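Asks: Structure provided below as structure tokens; questions to follow.
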Amino acid sequence: MQQSIFNYLLISLVMTGLFSQIQAQDNPPDSTRGIQKPTGIRLGTDLIILGQTFGKSSRSGWELDADVDLGRYYPTFEYGRWTRDLPITNGNYTNDGRYIRLGADINFLLKDPDKNMFFLGFRYARAIFDEKVIYDYSAVDFGNFQKEATNNGARAGWIELTTGLRVKIWKQFWMGYTARLKFLPIVTNNSGFESYEIPGYGLTYKSSYWGFNYQVFWRIPIRKTD
């Protein structure tokens, strides 16, 4: 299933690029195709992880999202906090960490005066986190006791391909979503036990992961468009 999604996303990228080239031949040059001076910065957050937090899920946290308008290209910055408190058989697993994603999106809705977006992009992500597993044991000779294993300062990295929409709702208020294909996770500094989950990514035993964010933004204008 994950491989099928990956193939679909790559095919979509190629087909969108080909369509844009055909469109460019039929229309005069578009100034939004080049890199321009910044016209605005959008700051936002992910509503899904906030819903999990206030919904008393085993996972909680927050995320700050930002992008800069350089015409057709949008450098992106995403930073989040992720905590996990998960009961397991005869014990408990906890995870507390931070993650950061850096990348860029390319807008394929050209000549839109409101700068609405259908985009494709990429991210490089890093996370640092602490994990702990506590097991409860019961033995005839020793009674009940606990065993604890920790990964303090574990680190991870992965890559993402992204697609989604950004739509202007009212004045400087925007809404949209980002779909992510996350893959190639690499975990280091986990000498206590094999890491179970990476903040911002998901379960470590999955070599690829499909993620989704539903986001709201407020745009801060920098200058008027030419």
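Asks: Could you tell me how many of the residues in the range 174-199 are over 27 Å from Lys115 (Cβ atoms) and in contact (Cβ under 8 Å) with a residue 60 or more places away in the chain?
Replies: 8
This table checks each residue for (1) of a type in the set (Gly, Ala, Ser); (2) out of contact with any helix residue (DSSP H, G or I) (no Cβ under 8 Å at 6 or more places or on another chain); (3) over 17 Å from Phe212 (Cα atoms).
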position	(1), (2), (3)
Leu86	no, yes, yes
Asn92	no, yes, yes
Phe118	no, yes, no
Tyr135	no, yes, yes
Ala149	yes, yes, yes
Met175	no, yes, no
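Asks: Would you mind finding the one in Lys182, Lys115 that is of a type in the set (Lys, Arg) and in contact with an Asp or Glu (Cβ under 6 Å, 6 or more places away or on another chain)? Give the steps one after another, and end with the answer.
Replies: Working: Lys115 fails: in contact with an Asp or Glu (Cβ under 6 Å, 6 or more places away or on another chain).
Step by step, each of Lys182, Lys115 is checked, and only Lys182 is of a type in the set (Lys, Arg) and in contact with an Asp or Glu (Cβ under 6 Å, 6 or more places away or on another chain).
Asks: Any idea how many residues of the range 186-226 are among the β-branched types (Val, Ile, Thr) and touching a Pro at 6+ places or on another chain (Cβ under 9 Å)?
Replies: 4
Asks: Counting only residues that are more than 12 Å from the chain's Cα centre (by Cα) and not small (Gly, Ala, Ser), which one in the range 49-66 is modelled with the highest pLDDT?
Replies: Leu50
Asks: Among (1) more than 25 Å from Arg166 (Cβ to Cβ); (2) among the hydrophobic types (A, V, I, L, M, F, W, C); (3) surrounded by fewer than 18 Cβ atoms within 10 Å (Cβ to Cβ); (4) modelled with pLDDT of 95 or more, there is one condition Ala179 misses while meeting the rest; what is its number?
Replies: Condition not satisfied by Ala179: (1).
Asks: Within the range 29-48, identify whether any single residue is modelled with pLDDT under 75 and surrounded by fewer than 12 Cβ atoms within 10 Å (Cβ to Cβ), and answer yes or no.
Replies: yes
Asks: Also, I was wondering about something else. Can you find even one residue in the range 186-199 that is among the acidic types (Asp, Glu), at pLDDT 95 or above, within 22 Å of the chain's Cα centre (by Cα) and more than 15 Å from Glu78 (Cβ to Cβ)?
Replies: Checked against the condition, which is being among the acidic types (Asp, Glu), at pLDDT 95 or above, within 22 Å of the chain's Cα centre (by Cα) and more than 15 Å from Glu78 (Cβ to Cβ), the range 186-199 yields at least one hit.
The values are calculated or read from the model by the stated rules, or taken from the named source; none is laboratory data. The structure displayed is predicted, hence computed values, not measured ones. Positions of Cβ are backbone-derived with ideal geometry, glycine not excepted, and every protein chain shown enters the neighbour counts.
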